[in-house]
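Could you have a look at this structure, given as structure tokens, before my questions?
Nothing in this text is a laboratory measurement; each read-out follows from the coordinates by a stated rule. Keep in mind it's a predicted model, so treat the numbers as computed, not measured. As a convention, Cβ positions derive from the backbone with ideal geometry for all residues, glycine included, and neighbour counts pool all protein chains shown.
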Amino acid sequence: MRYFPPWLLLLGALTALGPLSIDMYLPSFPAISHSLGATPGSVQLTLASFFIGLAIGQAIYGPFSDRFGRKPPLYFGLVIYILASIGCVFVTDINQLIALRFLQALGGCAGMVISRAVVRDRCNVQEMAKAFSTLMLIMGLAPILAPIVGGWVVTTLGWRAIFAFQMLFALVCFINVHFFFKETHNTQHSPALELGKVLTGYAALIRDKAFMRHTLTGSLIMGGFFGYIAGSPYIIIELFGVPAEHFGWIFGSNAAGFIISSQFNVRALKNHSSANLLRRALYLPAISGLSLFLLQIFGLLNFPLLLLGLFVFITSMGFITPNTSAMALQNQSKQAGLASALLGTLQFGCATLAGLLMGLWHDNSALPLLTLLAACGTGAWLLNRTGPATIAKA
């Protein structure tokens, strides 16, 4: 499989819609607060409602895509996203924005679910891991480019223009889906969409030890990542005195490490199995998370060590996320949409909990974040060790 086939680039754009909707509008928080007369905490709820929408929406699109194919749910989700984005442009109070951000997430997550399902439709486990690494490359650009673009848009055009830009991006995706997206799922023998059967399907997945082990392993690392997003600005800017305008460079360098490692993963898959790479890569977040936690406990943490530990933890995701996703979905060909939905729901469920924890446990130190990173890193390592050690190339 080529690194960047056109169909995978389109899936990357659809997958990036979620991260783009998060990272691009972060620089607009003060402007939104001032314009709508809202407290900073209320503006933060627009981010929380988006995470909740991502978690809930993915559980809905999966079974629909298994029943009706991959393309119809994409149409539906993109239309919802476009309409919600237009609504965000014209809001008059913060409660409207909170509600519309929830709807925006419900629409935007369709691309995330369908993209994983399409990769499962088209690829074996090794090809899946390579495809997911390419998606990670495209997704990883969002934390680097989106805040820069968002800051420029807020400064020159105002915060409402950010949602207009997001609407245009989704519209371009819609046009490309209509003309270039080829259906990958044969619905001829798909069962009728009944709530009981959907719940039974989810229950079967939850009982599938291999699926849950790989899904929860990836979800724990994702929880650590979103805890980092929520907690690192305070630690780096407030505790260590880094100017706010320089924070983006630190954030971007970690995202760059994530991108680079995902491409090393593609090359490594030529000679190693996903299971082998995953088992080795999980040492990185466990060691970095525990090291940062112990350095904080014993009063030895300094800024260079903090940056090094965070870089190692985030960079490890380039190996972990593609391989956990591929291994979770490898035996789910008959219900790829349902499995993709549950995978995404659990990932963003962990992300939401991590973000809430960072907000609730705030003690004016780095301890909350570093405790979370240690728990997520070691938890993922231990969880993966409960499964069989598959070292041979698949």
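Taking neighbour counts of Cβ atoms within 10 Å as a proxy for exposure, in what order, fewest first, do Lys270, Lys130, Lys71 appear? List each step's numbers first, then the result.
On the way: Lys270 9, Lys130 27, Lys71 18.
The most exposed by this proxy come first: Lys270, Lys71, Lys130.
Over segment 205-387, calculate the relative contact order: mean separation of alpha carbon pairs under 8 Å at least 6 apart, over the residue count, as a percent.
The value is 47 percent.
Same structure, new question: Taking neighbour counts of Cβ atoms within 10 Å as a proxy for exposure, in what order, fewest first, do Leu145, Leu277 appear?
Numbers: Leu145 16, Leu277 20.
Placing the least packed residue first, the sequence is Leu145, Leu277.
If you don't mind, there's one more thing I want to ask. Going by C-beta contacts inside 10 Å, put Leu97, Leu370 in order with the fewest on the left.
Working: Leu97 23, Leu370 26.
Lowest count first: Leu97, Leu370.
Right, another one. Please report the relative contact order for the chain, taking Cα pairs under 8 Å with a sequence separation of at least 6, and give it as a percent rounded to a whole number. Show your work: numbers first, answer last.
Values: 665 pairs, mean separation 108.1, N = 394.
Relative CO of the chain lands at 27 percent.
Still on this structure, I have one more. Quick one: grab the alpha carbon gyration tensor of segment 6-181, order the square roots of its eigenvalues as a ≥ b ≥ c, and give me rounded if a/c is under 1.5, else prolate or oblate depending on whether a/b is larger than b/c.
On the way: a/c = 2.09, a/b = 1.73, b/c = 1.21.
Prolate is the answer for segment 6-181, as a/c is 1.5 or above and a/b outweighs b/c.
Alpha carbon centre of segment 26-41 versus segment 144-163: separation in Å?
Their Cα centres are 14 Å away from one another.
Choose one answer from Asn331, Asn323, Asn186: the residue with the largest mean-square fluctuation in a GNM of the chain with alpha-carbon springs under 10 Å.
Residue with maximal mean-square fluctuation among Asn331, Asn323, Asn186: Asn186.
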